[in-house]
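Notes to accompany the following structure.
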Amino acid sequence: MGRITLDKVTKKFGEVEVIPPLDLTIEDGEFVVFVGPSGCGKSTLLRLIAGLEDVSSGHIQIDGRDATEVPPAKRGLAMVFQSYALYPHMSVRKNIAFPLRMAGLSKDEQDKRVSGAAEVLNLTAYLDRRPGQLSGGQRQRVAIGRAIVREPAAFLFDEPLSNLDAALRVGMRLEISELHKRLETTMIYVTHDQVEAMTMADKIVVLRAGNIEQVGSPLELYQSPRNTFVAGFIGSPRMNLIEGAEAAKHDATTIGIRPEHIAISPTEGTWQGKVGVSEHLGSDTFFHVTGTGLADAITVRAGGEVSLRYGDTIYLTPEEGKLHRFDAKGLRI
Amino acid sequence: MATQHSRAAARLMMAPAVILLLGWMLVPLILTLYFSFKRYLPLRGDSLGKGLDWVGFQNYARFVTSSSFWPSIQVTLIIVGGVLVVTVLLGTLLAVLLDQPMWGTGIVRILVISPFFVMPTVSGLVWKNMFMDSTNGLFAHLWRAFGAAPVDWVSQQSLFSIILIVSWEWLPFATLILLTAIQSLDSEQLEAAEMDGAPALKRFWFIVIPHLSRAITIVILIQTIFLLSIFAEIYVTTAGAFGTKTLTYLIFQRVLESQNVGLGSAGGVYAIILANIVAIFLMRIVGKNLDA
């Protein structure tokens, strides 16, 4: 059970309002990702839910119970920190058992739960090592193990993969997703990486300056971003945002088109430009097209093997119906 | 090639310092060893010029069989141990307090460190005359204010008084080292422990103290080496009376008050051995801690 409701929650540090009044409901068993650029208040929001920071006003409910004034340990939430925050002087076994020991569980029960968690996370062989003797991915798993054994109502992850190298990050992403499928516990995950958000989330919460810009499933956010901020933030590479005369043709202040929704041709098309820098990824090639008169550069996706070179003329045609239109306030039309 | 050249150059440039330090240490050490095997009583007309008589291990035997020897060892250990306990406990406490955000942190920290800048002789005299004097001392006034009979600290509570003075001098050192250690603790660890259900005292015991253990060993190691040789505080307060004669003080008395250089030198060699035993013992603890 882990339904979390935020009701007009605000947070001020001195005079600075980091989180303006904010409402959010997280359903039981959901994998929710808070995503946004750094400094957008996503970590603060997570810490408010955890109880590590006190709210300035508003209420937090966990399982229908008002938890606003409840100390962190009593909220039934477990947190995985960015630095893992393992206890360096304790073995892996003692690290994982620490919350159980604090809860006063019997030695047998502790051992049972620790070995259970170790098995799930492939840590059995490392139980007697110290955190200092483990690799980054293993430390990450120990931190998750320490969270699992408490059987919490919800897991809170604070940018847990940002200290891992790219290959390991992909692996851990899968492991955490699998863990969520198996445990079916509510998970709240904070990241600045929209790829993590898109791949893992049931529901994404896009934040900017403490405000919720949009809440929705990854595909909803991808297909119908509510405003230009979400449009530019979700999707990789970024959506092309075009203002001016071309936008006016579509009765909008800004129009957006994703790189994957533009057809290219060396001979004919709607827009004409020159090929700038190109990025070859093998499966895809991204061209930065300049000189279109629409924006500084338009990014387009082409198939893996395209024989256009730097300086060649290129024609672009946006796919019908994939154009996003935004008004003067940046809101979707 | 470059590294070999620079290594040779580095050796050459370090040589003067190394030779100076070696000489500084070796000359007194060898002289002490030499005198310890000789009969050398300057007041009876012995002198280096006339040549000294070889007496074998007689000085060593006399030093340990003297009735003052074992009490002096005992007093040394009590003072060193007492000061260590007081400075480490209070130092940890002060470090935790100083780590809290508060108004005027900079000034408070300088005040806490200041006793370290007072010379031992001066602080011994200040404590003896300003605080512990049985007629004019502040403690005497305080005791009288509560209607109690003033205590003549230096003579009645002599060991306690010296431990108090020396602890006051060394508390800043312990506090400073422990404070920097506390500041290096990752705050996420404390938050993780808080989430794990550990209340403040348990967080202190399970997270902060283990984190401090290395700093505490270093404080103990460094202080022990300096505390074994405290002298000025005893000299200006009790002058070795009232059961405050440490090994260092006994050696001083043998050489300068009894004018028996040979006997004092033998005591000096014992002190060297004692200090080395302590050092080896502590090095091993530190080594073990550094492995972790």
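Overview of results
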{"quantity": "Dipole of region A:11-58, positive direction: furthest Cα of A:L24, A:S56, A:F13, with charges on the beta-carbon", "calculated": "A:F13"}
{"quantity": "Zone of B:L31's modelled label, taken as backbone nitrogen in region B:231-261 under 14 Å from a point 7 Å along Cα→Cβ", "calculated": "B:261"}
{"quantity": "Spin-label model distance (nm) - B:L77 vs B:L21, 7 Å beyond Cα toward Cβ", "calculated": "3.2"}
{"quantity": "Extreme residue, positive dipole direction of region A:4-231, given options A:G171, A:T185, A:G136 (C-beta unit charges)", "calculated": "A:G136"}
{"quantity": "Charge dipole magnitude, Cβ of K and R +1, D and E -1 - region B:2-291, Cα centre, debye nearest 20", "calculated": "1000"}
{"quantity": "Chain lengthening between A:D28 and A:S307 when straightened (0.36 nm per residue, less Cα-Cα)", "calculated": "95.4 nm"}
{"quantity": "Contour excess over end-to-end distance, with Cα ends at A:D193 and A:K74 and 0.36 nm allotted per residue", "calculated": "39.8 nm"}
{"quantity": "Theoretical FRET efficiency, 1/(1+(r/R0)^6), r = Cβ-Cβ of A:D251 and A:R101, R0 51 Å, to 0.05", "calculated": "0.20"}
{"quantity": "Residues whose placed amide H lies under 5 Å from that of A:N240, excluding near-sequence neighbours", "calculated": "A:I257, A:R258"}
{"quantity": "Unit Cα scatterers, Debye sum, the protein assembly as shown: log10 I(q)/I(0) for q = 0.12 Å⁻¹", "calculated": "-1.22"}
{"quantity": "Local electrostatic count, A:G137, Cβ distance below 10 Å [Lys/Arg +1, Asp/Glu -1]", "calculated": "+1"}
{"quantity": "Largest-first ellipsoid semi-axes for region A:4-231, taking √(5λ) over the Cα gyration tensor eigenvalues, angstrom", "calculated": "30, 21, 15"}
{"quantity": "Candidates A:H261, A:H280, A:H192: whichever shows maximal mean-square fluctuation once chain A is modelled as a Gaussian network with Cα springs under 10 Å", "calculated": "A:H280"}
{"quantity": "For A:L207, residues with placed amide H under 5 Å, excluding near neighbours", "calculated": "A:V35, A:G36, A:E213"}
{"quantity": "Share, in percent, of DSSP beta bridges within the protein assembly as shown that are antiparallel, nearest 5", "calculated": "75"}
{"quantity": "Two-site FRET efficiency, A:A297 against A:V16, from Cβ-Cβ distance with R₀ of 30 Å, rounded to 0.05", "calculated": "0.25"}
{"quantity": "Size of electric dipole in region A:4-231: Cβ of Lys, Arg +1 and of Asp, Glu -1, about Cα centre, debye, nearest 20", "calculated": "780"}
{"quantity": "In order through region B:98-110: 3J(HN,Hα) via Karplus (6.51 cos²θ - 1.76 cosθ + 1.60), integer Hz, x for Gly, Pro", "calculated": "5, 6, 5, x, 8, 6, x, 3, x, 5, 4, 5, 5"}
{"quantity": "Virtual spin-label span in nm between B:R144 and B:S187, 7 Å along Cα→Cβ", "calculated": "5.1"}
{"quantity": "Qualifying aspartates and glutamates (Cα of each under 17 Å from Cα of B:K38; at least 8 residues distant if same chain)", "calculated": "B:D46, B:D53"}
{"quantity": "Helix-only [θ]222 nm of chain A, DSSP H runs n ≥ 4, -39500 (n - 2.57) each, per residue, nearest 500", "calculated": "-8000 deg cm²/dmol"}
{"quantity": "Partner lysines for A:K249 [C-alpha distance under 23 Å; skip if fewer than 8 residues away on the same chain]", "calculated": "A:K274, A:K322, A:K329"}
{"quantity": "Cα-based reach from B:K128 at 29 Å (exclusive), listing lysines while leaving out same-chain residues under 8 positions away", "calculated": "B:K245"}
{"quantity": "Sparse-neighbourhood loop sites, trypsin sites (Lys or Arg not before Pro) in region B:31-129 - DSSP loop, at most 10 other Cβ within 10 angstrom", "calculated": "B:K50"}
{"quantity": "DSSP H segments from chain A that extend 27 Å or more along their own axis, Cα-based, with Kyte-Doolittle mean of -0.5 or above", "calculated": "none"}
{"quantity": "Neighbour-count ranking [beta-carbon atoms within 10 angstrom, fewest first] of B:D46, B:D186", "calculated": "B:D186, B:D46"}
{"quantity": "Pairwise FRET efficiency - B:R109 versus B:R7, Cβ, R0 = 51 Å, nearest 0.05", "calculated": "0.75"}
{"quantity": "10 Å Cβ shell holding at most 15 others, DSSP loop, GluC sites (Glu not before Pro): longest site-free stretch of chain A", "calculated": "A:70-183"}
{"quantity": "Exercise: per-residue mean of other protein chain Cβ atoms within 10 Å, B:199-211", "calculated": "2"}
{"quantity": "Region A:237-326, relative contact order [Cα under 8 Å, separation at least 6], %", "calculated": "37"}
{"quantity": "Point-to-point label distance, A:N211-B:I209, nm (Cα→Cβ direction, 7 Å offset)", "calculated": "5.1"}
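Quick note: the coordinates plus some simple rules give every number you see, no bench work behind them. Here the structure is a predicted model, which means the values were calculated and not measured. Because the Cβ atoms are built from the backbone with ideal geometry, glycine has one as well, and the counts that use them run over all protein chains shown.
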